[in-house]
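Have a look at the structure below before the remarks.
The values are calculated or read from the model by the stated rules, or taken from the named source; none is laboratory data. Not measured: the values here are computed from a predicted model. No Cβ is skipped: glycine too gets one built from the backbone with ideal geometry, and neighbour counts run over all protein chains shown. These accessible areas exclude ligands, DNA and RNA; they are computed on the full protein's heavy atoms, side chains included. Shrake-Rupley method; radii C 1.70, N 1.55, O 1.52, S 1.80 Å.
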Amino acid sequence: MKRILVADDDAMFRTIVKRHLNRMGFEVIENESGKGVVDQIRQHRPVACLIDLVMDGKEGIETIEEIAGIAHRPKVVAVSSNAKYLDFATGLGADTSLLKPVSPESLRSALDRVGIVPD
């Protein structure tokens, strides 16, 4: 089963996205900030990461820049309710973006754009 890492400081958002991803056939790894995301990537080898841009602890932009330096990195989906932030994130290394609120359809579309499909 393919894994996707979801980093967002909003526990309700993580719960909703996890439910959508599980129904699509993905295993979900969670993190409440950008701290530790690179370690989780190295340990669990997710195919994609959904990274919220505004988080307590460690911001998503900084996390995306850090992920960009990983060899064989997962696809990165920047997530925010602010479209301008999403444009900025794709310029810094995110593979695509996802505007909140997230629906199952918009989530599937974002994953399709980066070529991620369940097993």
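Listing for the model above:
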read-out: Within the range 110-119, tally of residues that are modelled with pLDDT of 95 or more and either open to solvent by less than 50 Å² (accessible area, probe 1.4 Å) or touching a Pro at 6+ places or on another chain (Cβ under 8 Å) (or both); value: 4
read-out: One residue from 62, 27 being within 11 Å of residue 5 (Cα to Cα) and without any contact (Cβ under 8 Å) to a residue 60 or more places away in the chain; value: 27
read-out: Hey, residue 106 of a type outside the set (D, E, K, R) and either exposed (fewer than 14 other Cβ atoms within 10 Å of the Cβ) or part of a helix (DSSP H, G or I) (or both) or not; value: yes
read-out: Where a residue in the range 76-88 is of a type in the set (Gly, Ala, Ser) and its partner, wherever it lies, is surrounded by fewer than 17 Cβ atoms within 10 Å (Cβ to Cβ) and part of a strand (DSSP E or B), with Cβ under 9 Å and at least six apart; value: 80/99; 81/99; 83/99
read-out: Residue list for the range 53-84, filter: within 11 Å of the chain's Cα centre (by Cα) and open to solvent by 60 Å² or more (accessible area, probe 1.4 Å); value: 75
read-out: Failed item, numbered, when residue 79 is tested on (1) assigned to a helix (DSSP H, G or I); (2) aliphatic (A, V, I, L, M); (3) at pLDDT 95 or above; value: (1)
